[in-house]
1. Ranked from highest to lowest mean number of other Cβ atoms within 10 Å per residue, what is the order of the peptides 670-683, 502-515?
2. On a 0 to 90 degree scale, rounded to 10, what angle separates helix 156-182 from the longest Cα axis of the chain?
3. Enumerate the amide H contacts of LYS465 below 5 Å, restricted to partners 5 or more residues apart or on another chain; note that Pro and chain-start residues carry no placed amide H.
4. In Å, what Kirkwood hydrodynamic radius results for the chain from the alpha-carbon pair distances?
5. Could you tell me which of SER426, PHE326, CYS340 has its Cα farthest along the dipole of the range 323-429 towards the positive end, charges placed at Cβ (Lys, Arg +1; Asp, Glu -1), taken about the Cα centre?
6. Can you give me the orientation-averaged projected area of the convex hull built on the Cα atoms of the range 598-710, in nm²?
7. How much FRET efficiency would the formula 1/(1 + (r/R0)^6) give for LEU709 and ILE289, where r is the Cβ-Cβ distance and R0 is 56 Å, rounded to 0.05?
8. If the range 364-510 were replaced by its equivalent ellipsoid, with semi-axes equal to the square roots of 5 times the Cα gyration tensor eigenvalues, what would those be, largest first, whole Å?
Amino acid sequence: MPFREIGWEISQWWIVYIPGILAVIAIGYGGYERYRLWRLGKPASIFENLGGRIKSFINPAIFDGFAHRRLFGVTFDFSGVRSLSNELREGVSFFPPKIATKHPLGGLIRSAVSPFIPKEFYPGIIHFLLFGGAGLLLLGTAMDVVAHYDYPFMRGATYLGFSLVNDLGGVFMLLGVILALIRRYIQRPQRLTNTAEDALILGLIFVVVLSGFILEGFRICAVASHTELAQPGWARWSFLGYALSLAFDNLAPATQLVWYQWLWWGHMVFTMGVIIYISLAFSKLTHIIVAPLNVFFRSLRPKGALVPILNLEEAESFGAEKIEDFTWKQLMDLDACTGCGRCQDNCPVYLSGKALSPKKLIQDLKSHLEEKGRKSQNNSRSLIGEVISEDDIWACTTCRACQQVCPVFVEHIDKTIEMRRYLVLSESRFPETAMGALTSIETRGHPWRGTTAVRTDWADGLGIKELSQDSEIDILYWVGCTEALEDRSMKVAIAVGKILKKAGIKFGILGSEETCCGEPARRMGNEYLFQIQAQRNIELLKSYQVKKIITACPHCFNTIKNEYPQFGGEFEVIHHTEFIANLIKNGRIEPFMRLDQKVTYQDSCYLGRYNGIYDAPREILASIPRLNLTEMAWRKEKGFCCGGGGGRMWMEEQGTRVNHMRTEDVIKTGAQIVATACPFCLQMFEDGIKAKGVEESLKAMDIAELINLAIPSE
Ligand code: SF4
Ligand code: SF4
């Protein structure tokens, strides 16, 4: 019966309990010390709704933890597969044999397959090998312990199976370390910062696993030389240990035994030493524990809802002036970061050559937290200015690309907004251009300080009713400041108004009673102004008993839908792309005019990444006859920001502009039209097209304008 005796020929092997117990103590002590550091932060109400939290942990645990969704850069989005199968169902005919689809088959197949193609294969496979290998080795060790102390089931086929699995785990780990070394020290991608700790960790893992295999090799040949028990066939199941044992076969049996005994002790003590070092130094490897904790305690608010400052009038301080002003969950977030650099690789601001890097932001905050833990408060650096520069705080467009790709669910944006809140509310310090927009919201109810237009100019002659005259409506059209007051965007408001009329929708507008939803103020850190705007609007909407709202601005959409409920404003909010897509599906409007144009679509961050609306705009475009939709490489979850979010619409941008980079992406597709679903994106492209001098060959148009062309009224 194949089996392995634990501690064979090791006298006094129980002594190994001493380093084992020390390792357990070190894990406890290291964890406690770190917990004390996190507790420097403010309380966080994360234990409410524990049941919901457990439920919401299951999906990321399976897909991101075990299946490595974010690590491989896949989305497992089946919408493309669904569209392809729908098209094929409608289009496949066997007699005469043909596959006829309304849209180019190649494009449909590409978008069906693309969410499953790893965009991060190399780093993904490295982590998968290390994670999977460690998991298998851990499982094997746990089984050995259970079998030794409780139930001796590690015999026969079970033992041989586990021998195989254990060796596989070790091989995975060795391979993972070798690939990681090649990536870090030969390929050297820009997003990775190589520290001495990184080299040390990889070296330690390699030595632990390799010494385990050499020990196994010596054990196999020593057992064969000293006992009648072992049969060569069994040992082959531990395939790498067996291969190594062949190299030691020629040694004298006594030498084999001595080497085996020394290696046994060496491997055990070294492994425990590594655990003690990792725990006491709180090395990067502790993300094995902190990352799942961070995912478990992540924010369960809607993605687009910032945390409100409650009781603003009575609050003694605002935002984050010092690291202790973050909550303890926000501080734990910093320890979950492994410095993988995915966030940096996807940050439009970093990619446009600015100093802001979301990875550096988190790592700098982490070093500062550690510094705070070591020093007295008086002699440590100031959070704003010395640790994080004001330029970095204001450079962020809040596009959420960083959070979307972070494998350990680090939340960058809340932290930036907290620092903005401190600067704006406590210090009245903000970029001059931002001040213009904030003052305009305060005094004129909108951020467009230069405009002379009034909110109803665009509606002249369209016969659209205002609620102050007649509030009998089914749905309110919330126009938003940009579409109501900015010249180019007014054309979008006109297009939306015409589509609603054409579809026979009973709708109205607030007209001169509409004021800014407050979104720019909130993203720029002026929570006070935001709450005034929000409360005023909620009262107004309630006074007209508005239940349902349509808006063409993803920023208004996100704020009214996800943030107004924080102040008692519960409304059904629909973005115009979803509304129009439904009108087309229900046959209320039918785009029939051909548009022989190549069109690409810009995913708005606040529509896509924040609210998951990717399909409706594409369905609308697909419904326009002859329109040729071509996609940009950076799209959907990986969409590249236009540069206008987070209040950046009203701030100066130095160096390469994000919108110019995005316009270059559009130009590369050869599209004649870039379709947008957001007034900020539209404006940013108008500017980008002029800056690149391609006005003759490229136009920016809102999706509503395109549909309006396809369903002319008269
Ligand atoms: S924040 Fe997340 S994505 Fe960015 S470096 Fe850290 S772990 Fe990687
Ligand atoms: S939210 Fe966007 S702009 Fe801000 S740090 Fe993250 S990726 Fe960069």
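1. Working: 670-683: 24.8, 502-515: 17.9.
Peptide ranking by packing, descending: 670-683, 502-515.
2. It is inclined by approximately 60 degrees.
3. Answer set, sorted by chain and number: ILE509.
4. 29.0 Å
5. CYS340
6. The orientation-averaged projected area of the Cα hull of the range 598-710 comes to 6.8 nm².
7. Numbers: r = 57 Å, r/R0 = 1.01.
Between LEU709 and ILE289 the formula returns 0.50.
8. The equivalent ellipsoid of the range 364-510 has semi-axes of 45, 19, 13 Å.
Every number in this text was worked out from the coordinates using simple rules, so none of it is lab data. Owing to the predicted nature of the structure, the values given are computational and were not obtained by experimental measurement. No Cβ is skipped: glycine too gets one built from the backbone with ideal geometry, and neighbour counts run over all protein chains shown.
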